[in-house]
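Since every read-out is calculated from the coordinates, none of them should be taken as a lab result. All figures in this text were calculated on a predicted structure; none of them were measured in a lab. Don't worry about glycine lacking a Cβ; one is built from the backbone with ideal geometry, like all the others, and counts go over all protein chains shown.
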Amino acid sequence: MSVAERRAPRWNPTTAWNNQLRQLSKQRQYREALTLYRHMLRSSFFPNVFTFPFLLKSCAFLSLPLTASQLHAHVIRTGSLPDPYTRSSLINAYSKCSLPHHARLVFDQMPNPTICYNAMVSGYSFNSDPLRAVSLFRQMRREEEEEEGEVGSDVGVHVNAVTLLSLVSGCSVATHLTVGVCLHGCVVGFGFGADLAVANSLVTMYVKCGEVELARRVFDEMPVKDLITWNAMISGYAQNGHAGSVLEVYGEMKLSGVRADAVTLLGVLSACANLGAQGIGREVEREMERCGFGCNPFLRNALVNMYARCGNLTRAREVFDCSEEKSVVSWTVIIGGYGIHGHGKVAVDLFDEMVESGVRPDETVFVTILSACSHAGLTDRGLGYFEEMKMKYGVKPGPEHYACVVDLLGRAGRLEEAMDLIKSMKVKPDGAVWGALLGACKIHKNVELAELAFKHVVELEPMNIGYYVLLSNIYTDVNNLEGVLRVRVMMRERKLRKDPGCSYVEYKGKMHLFYSGDRTHRQSKEIYRMLDELESLVNEIRPPDEKYEGRNEELLMGAGVHSEKLAIAFALLNTRSGTEITVMKNLRVCVDCHLFFKLVSKIVNRQFIVRDATRFHHFRDGICSCKDYW
DNA sequence: CTAGGGTTAG
């Protein structure tokens, strides 16, 4: 209201009001625009056709269905409905409020020109209903053809770039990929292939469907690329876990002369987090400051995440502490950061602090805190949070929460309870749930339950090699040779082959990559000498009952000299004493290696962070794709 | 009517 008072002229004809609305809408002051409208009504001046589009745009942006339907009534009362701009805005407002059905009722009231068709098509797309969007598109084409003969028709319908762009952006989940591919054909057929915005929407569509290679093909064929193009490709790679490619494309973008914005840096930071590339991440932070994005809450969260995932909790905490806006996501990031590095106590304290500060926990932060508890052995605390989640916050537990609780109980050796929990689940347990149980069976060498868990998990994810390896290693642990062979036969039947284990460390801005048993590195000789030395030192101080190497080493898949050991030895040879060493691994870090690292860490008095980056590596012909970049 | 955005496990 203060805004309205400040801006309202003493004499207020509708045109003057409309100009004020236009200004507010342009400045994206959507709430203020609606407030001004209320003021306007009180001043007994009637809105006209130029009034509604601005207001409806506010409803669309703020997703206010009730305000939209009130405005709808006003539109009818003032006789503005036949105005195509007003109608398309109304259609858009309803669609953005997730009411495509209401939008359609407006659409069906009278014959429509292009912009109303486009608004309706885009409405269906926004509500991920590409089939209805396409059927409307067909209707549009029929009408376009019928009108072709008519001369002087003032309600012409013409398929344009916006139509296709809206259609394409409706196929943003993998299930709609087939429709998307057809639409790609339409784009080319209608001659919009060279339109920048349309091509951008194609890149985005493929990326959202998880088809990064197809996206890349469109991207590569574009002669002109703008900021949106680069961002679509960069964040597309980031979202699909192709972290190495993100940095590659970012490099190309810088060469092409297009300036990065906040969205670009967001994608790059997320890639750095996943790769453990703190050096590049620091450069991005400087870039952020230089471009004036230092306070962007999205970027700050990504920055905290990057430092935390790279093991630099000190810096992560600094950035977090001096962030102005702390959303659930900010808290999730910092809690998860402490969680993955085993600081469970700090994580739970932060969680409580978050609740105290008035931020309502969501389902994601519960996944994070549950897994933090399970890593730190805070079993009962974790179970407490699980109860609180259901009872106090009314968050329905999904399979991902159950997987965490099964892991929590399983690690603590409470396998029966874990099994009972699975039986009590209202949602169908997924691979992760049974996988968590299988993992717990590995720790506690429970073959019987492992076989049960495996039976379920293989049914749900028959092509996930991790579970076969896990079961095989359980058999190895208990000297069940027959079991090992059985798993191997199963794997051979399904044509599954284990990728070679590889690890890498960032050193002087370059990644150094090691495969298990690999001797191709320049410093190979020194590395192996160093390892020999460490092994004998470790053997001296190793507690007698703990084994850090599998008993039947030749049976453990991918055994030999583990790649993480090579990476650690390399880092010890080359980096300053006192600094932390972060090692990344393409597969789960070998359990037996953990004890080795703990002991070596004591001997050399250095901190190690050995992290599993399973989801962020992409292998082609056995070569890790990040190697090409560095 | 119009393309790009931070967090989550085993």
What list of ³J(HN,Hα) values in whole Hz, one per residue of the stretch A:401-406 in order, does the Karplus curve 6.51 cos²θ - 1.76 cosθ + 1.60 (θ = phi - 60°) give from phi, with Gly and Pro shown as x?
6, 4, 4, 5, 5, 4
How big is the convex hull of the Cα atoms of chain A, per residue, in Å³?
196
FRET efficiency, A:K442 to A:S98 (Cβ-Cβ, R0 56 Å, nearest 0.05):
0.80
Separation of the A:V224 and A:E252 label points, Cα + 7 Å toward Cβ, nm
1.9
Quick shape check on the stretch A:456-500: root eigenvalues a ≥ b ≥ c of the Cα gyration tensor, a/c under 1.5 is rounded, otherwise prolate if a/b tops b/c, else oblate, and it reads prolate
For the stretch A:376-384, 3J(HN,Hα) per residue [Karplus equation, 6.51 cos²θ - 1.76 cosθ + 1.60, θ = phi - 60°, Hz, x = Gly/Pro]:
9, x, 8, 4, 5, 4, x, 4, x
Going highest first, how would you order A:442-452, A:381-391 by mean Cβ packing within 10 Å?
A:381-391, A:442-452
Charges only on Cβ, +1 for Lys and Arg, -1 for Asp and Glu: so what's the dipole of chain A about the Cα centre, in debye to the nearest 20?
880
Label point distance in nm, A:V359-A:Q607, each placed 7 Å from Cα along Cα→Cβ
2.2
What is the order of A:H102, A:H562, fewest Cβ neighbours within 10 Å to most?
A:H102, A:H562
Sorted by Cβ neighbour density within 10 Å, fewest at the top, the residues A:I228, A:I474
A:I228, A:I474
For the stretch A:397-498: rounded, prolate or oblate by the Cα gyration tensor [a/c cutoff 1.5]:
oblate
Specify the inter-centroid distance of the stretch A:19-71 and the stretch A:189-211, based on alpha-carbon positions, in whole Å.
33
Of all DSSP beta bridges having both residues in chain A, the percent classed as antiparallel (nearest 5) is 70
Over the stretch A:1-110, how many percent of alpha carbon pairs lie in each 5 Å bin up to the one with the longest distance?
2, 13, 25, 25, 18, 10, 4, 1, 0
Taking the dipole of chain A about the Cα centre (Lys, Arg +1; Asp, Glu -1; charges at Cβ), the one of A:N19, A:L460, A:T368 that reaches farthest to the positive side is A:N19
What FRET efficiency do you get for A:S128 and A:R519 if R0 is 45 Å and r is their Cβ-Cβ distance, rounded to the nearest 0.05?
0.30
If neighbour count is taken as other Cβ atoms inside 10 Å, put A:I369, A:I609 in order from fewest to most.
A:I609, A:I369
The stretch A:374-438 shape via C-alpha gyration tensor axes, a/c threshold 1.5:
oblate
Could you pull out the pairs from A:K254/A:K498; A:K96/A:K208; A:K345/A:K455; A:K96/A:K428; A:K96/A:K426 whose alpha carbons sit more than 27 Å apart here?
A:K254/A:K498; A:K345/A:K455; A:K96/A:K428; A:K96/A:K426
Please compute the length gained on full extension between A:Q109 and A:V173, using 0.36 nm multiplied by the number of residues separating them and subtracting their Cα-Cα distance.
19.9 nm
